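Chemist: To start, I am sharing the structure in question, which I have written as structure tokens.
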Amino acid sequence: MLQRDVAIGAAGERFFAEQDDPLDACCRPDALRTFFQPILDLRHGRVYGYEALTRGPAGSALERPAALFGLARAQRRAAEIELLAVRAAVERFAALGVGGKLFVNFSPAVLAERREDPAALLAHLHRHGIAPKRLVIELTEDAELRDSSAAWTELLRCRQLGFGVAIDDLGEGFASLRLWSELRPEYVKVDKHFIQGIHRDPIKLQMARAVQQIAHVAGAAVIAEGLEEEADFQTVRDLGIRHGQGFLIGDPAPALNAGVAQVWDRLSGGPLTSFPVPGQSVNRVSASRLMRPIAPVSSRTENDVVYARFEADGELQFVPVVDDGVPRGLINRLTLIDRFARPYRRELYGKKPCTTFMNPHVVIVEAETSIQELSYLVAEGNRQAALEGFIVVENGRYAGVGSPHDLIREMTELQIAAARYANPLTLLPGNVPIAEHVERLIARGCRFAMCYADLDHFKPYNDVFGYQRGDEAIQLTARLVAEQCDARIDFVGHIGGDDFVAILQSVDWEARCRRMLAAFAERAAALFSAEERGRGEFFAEDRSGRQRSFPLLSVSIGVVVVEPGTFQSHSEVATAAADAKRLAKRSPGNSLFIERRSYPVASLRRPAESGD
């Protein structure tokens, strides 16, 4: 009788009765099915990759993975079934023709037991046009890994072949900090226990924050598993965790989930991380702007042929290597010429495949990738990636090549254009980019808090202490407001004088506003003498020219929460925020007024209600 560690029911017993060996049935072509669950980039709202989840024959007792792999372990065939599952996932992933990473599950036992398989897997990837760096091995059962030198050796070989590595289910006993320290994986997946309910559990919040901080130091990307509630999603994103996975983002499915973009729009509207300038912005300009359609060569092309192209075109800096539309890497002009300049190198390598001197770790981006995101990817890559070019693809297929020089030039031009509209004292965006940013949020149906901050008693302070001390007060306010904002999704602007705005998409916007007030109360004391601080006042002329006392500087913040569809323009939002700020200033000292009224949907308002 077969040993099984799960209950399989009557249908399962019939299945077993009909098969000489159920696992043999699972080894037949197309018997193992692959479901894909999307992993979302929480910074930019794009699908970063997919985790491959294996299912057994439909309708059988081995359809569920726990039953399938439980039986495989019982019959000592776990390595065989795992490798079949990975091969099936690669084939299906390639057939779907999608970009991004493919995350597959491996146990160290497979690496130790079948040492020839990493090389065979590499060949399998090449046959299906998938670059090794797009495959990420999710490791489980680290006790086996620590106790097996053979497993460690094979794992290191996998990394040398270009595969990525992820620690799965961090926090589930077997995934330890020691393994993280020794292995230095590219990814760490936090177990769903620590993610579900994180918005209401301060212990889980602190643990996730600690993991994120360690990952930042270790150079790893964190993936939050088990995202099922919108509040958890927002909390995880506010922590700076880079990637998320769970039923809220997308269910595992045999086809790719087409609704992820709509999920992102519903949850956040997308982070607008750089202030726009008229006509264009960092987020509006895409990688396609930098793309040059250079004719590629195949991986079978000889080095002599590539060298001849460089000799014929003195402006050509890179030659892309592409097989059947799928980019493999880049050949750098300086690299190839330097190698051929050495004695006998051309004679030795001229007839060799061009992949001999190819860089396979080049940055590859979709054509619609923003310039800002592209700059992040180049900066986060290795040093060679920052010096060499990048490949642009359209729906995963080669489209062209871009150079870091062009990227730097474009970023510089955009920053110069943005600087034209920045306040010269604080260098914060001025009225034009503030207005455009609000218009974009309204157009995209985003929910945000418009916070209008104003210094109280600033004019008499400036009159008494002079413009230099007044400038110091304004610069201090700018720093304190910016410190409490999340630069990835929030926006700080300087209207002029002592007036500022903070446009907050962070879900904890109210707490951030209160921290602004507390920070100002603590640090603005340095703007006054000990005597003035002791009295709690300073003396200046009022608007009538009479000498009188004024309270020490404070900040008033008025907030209006903009719900999708409630405002039609920036001017309407600005008017509502100004009204809230005036009400805030009625309270003495550092004060916060939040407009709690519900605004009607803009399309349903009567003309008389439309505002000024």
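Chemist: Amide H of residue 170: which non-local residues (sequence gap of 5 or more, or other chain) have their own amide H closer than 5 Å, using H built in the peptide plane?
Modeler: Here 189, 190, 191 satisfy the definition.
Chemist: In square nanometres, what is one fourth of the surface area of the convex hull spanned by the alpha carbons of segment 422-609?
Modeler: Working: hull surface 46.2 nm².
Spelled out: convex hull of the Cα atoms, projected over all directions, averaged, 11.6 nm².
Chemist: Mind listing the phi-derived Karplus ³J(HN,Hα) values for segment 196-212, rounded to whole Hz, using 6.51, -1.76 and 1.60 with θ = phi - 60°, and x for any glycine or proline?
Modeler: Rounded to whole hertz, the list is 5, x, 5, 5, 10, 10, x, 5, 4, 4, 5, 5, 5, 4, 5, 4, 4.
Chemist: In straight Cα distance, which lysines are under 18 Å from residue 585, not counting same-chain residues fewer than 8 positions off?
Modeler: 459
Chemist: Right, something else. With θ set to phi - 60° and the Karplus curve 6.51 cos²θ - 1.76 cosθ + 1.60, what are the ³J(HN,Hα) couplings of segment 177-184 in order, to the nearest whole Hz, using x for Gly and Pro?
Modeler: Those phi angles translate into 5, 4, 4, 4, 5, 7, 8, 6 Hz.
Chemist: Oh, and also: Give me the number: length gained by fully extending residue 522 to residue 292, i.e. 0.36 nm times residue separation minus the C-alpha to C-alpha distance, one decimal in nm.
Modeler: Extra length from residue 522 to residue 292 when fully extended: 77.4 nm.
Chemist: Continuing with this model, one more query. Based on the Kirkwood radius over alpha-carbon pairs, what value in µm²/s does the Stokes-Einstein equation return for the translational diffusion coefficient of segment 287-412 at 4 °C and 1.567 mPa s?
Modeler: 88 µm²/s
Chemist: Now for a different question. Through the Karplus equation 6.51 cos²θ - 1.76 cosθ + 1.60, θ set to phi - 60°, convert the phi angles of segment 490-500 into ³J(HN,Hα) values in whole Hz; use x for Gly and Pro.
Modeler: For segment 490-500, the Karplus-derived couplings read 9, 9, 10, x, 10, 5, x, x, 9, 10, 10 Hz, x marking Gly and Pro.
Chemist: Cβ under 10 Å from residue 502's Cβ, residue 502 left aside: what net charge do those residues give with Lys, Arg +1 and Asp, Glu -1? Walk me through the intermediate numbers first.
Modeler: Working: positive: 512; negative: 490.
Local net charge: 0.
Chemist: Could I ask something else about it? Using modelled backbone amide H atoms (1.01 Å from N, in-plane), which distant-in-sequence or interchain residues come within less than 5 Å of residue 228's amide H?
Modeler: Residues meeting the amide H criterion: 248.
Chemist: When you take every Cα atom in segment 488-544, what is the radius of gyration, and what is Dmax, the widest Cα pair distance, in Å?
Modeler: Cα radius of gyration and Dmax of segment 488-544 are 15.7, 46 Å respectively.
Chemist: Counting only residues 5 or more places away or on other chains, whose amide H sits under 5 Å from the amide H of residue 101 once H atoms are built in the peptide plane?
Modeler: Amide H to amide H, under 5 Å and 5 or more residues apart or across chains, residue 101 pairs with 49, 50.
Values in this text are rule-based calculations from the coordinates and carry no lab data. These numbers were taken from a predicted model, which means no experiment stands behind them. All Cβ positions, even for glycine, are placed from backbone atoms using ideal geometry, and neighbour counts span all protein chains on display.
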